[in-house]
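Every number in this text was worked out from the coordinates using simple rules, so none of it is lab data. Since we're looking at a predicted model, the values are computed, not measured. Neighbour counts run over all protein chains shown; Cβ positions are idealised from the backbone, glycine included.
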Amino acid sequence: MNIAEITLGINGEARALTVRNADTLLYVLRDKLGLTGAKPGCLNGDCGACTIDVDGNPMKSCLMLAVEAEGARITTVEGLTYTALQTQFVDKFAFQCGYCTPGFIMNAQALIRQYPHATDKTITEWLESNICRCTGYKEIEEAVKAALAVARTSLQL
């Protein structure tokens with residue numbers, strides 16, 4: 001069995017660990033590091049429940065090997081603290097069971113950072129990479145739009 005000693009930069013902290021070369025980042029986050037915000041869903045990149053931020057971009061952690069993430073800046077939903085987006089998800093009731101919510105938040109957080117003037121079309125396109133099986137997307141879209149408005153106001157864009 002091939003194993004590797006790696007150090008991952010997760011939520012601003014260096015974490016040294018031993019992994020198998022075949023371990024996905026999702027598995028390592030959840031089972032080795034106890035960061036359970038990224039959820040296993042389809043395990044083939046279709047649902048987005050496992051979305052995290054890698055170097056400023058949303059990434060489905062079920063599709064990335066842990067050894068590939070060495071040297072990257074990784075943020076999980078646990079690394080976000082009281083963001084406008086999280087507040088808006090609560091205020092707009094943009095969740096039902098909550099299973100997919102961390103993935104949506106991580107994807108939308110990258111959208112807000114990269115496209116502070118995102119159009120409705122851009123928001124819809126970005127949200128298409130995540131699936132919610134419980135509720136409609138209207139509340140999620142409203143939460144993202146409200147968080148974008150807060151971001152633009154705070155940045156005075």
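Among the numbered conditions (1) surrounded by fewer than 17 Cβ atoms within 10 Å (Cβ to Cβ); (2) farther than 14 Å from GLY79 by Cα; (3) of a type in the set (Val, Ile, Thr), the only one that THR36 does not meet is (2).
Here the condition is being in a helix (DSSP H, G or I), β-branched (Val, Ile, Thr) and surrounded by 21 or more Cβ atoms within 10 Å (Cβ to Cβ); of ILE52, ILE105, ILE74, it holds for ILE105 alone. Number of residues in the range 77-102 that are more than 21 Å from LEU25 (Cα to Cα) and in a helix (DSSP H, G or I) equals 8. Looking across the range 77-102 at every residue that is of a type in the set (Gly, Ala, Ser) and closer than 17 Å to GLU139 by Cβ, the one that is surrounded by the fewest Cβ atoms within 10 Å (Cβ to Cβ) is identified as GLY98. Among residues of the range 108-144 being farther than 23 Å from VAL54 by Cα and among the basic types (Lys, Arg), the one that is surrounded by the fewest Cβ atoms within 10 Å (Cβ to Cβ) is LYS121.
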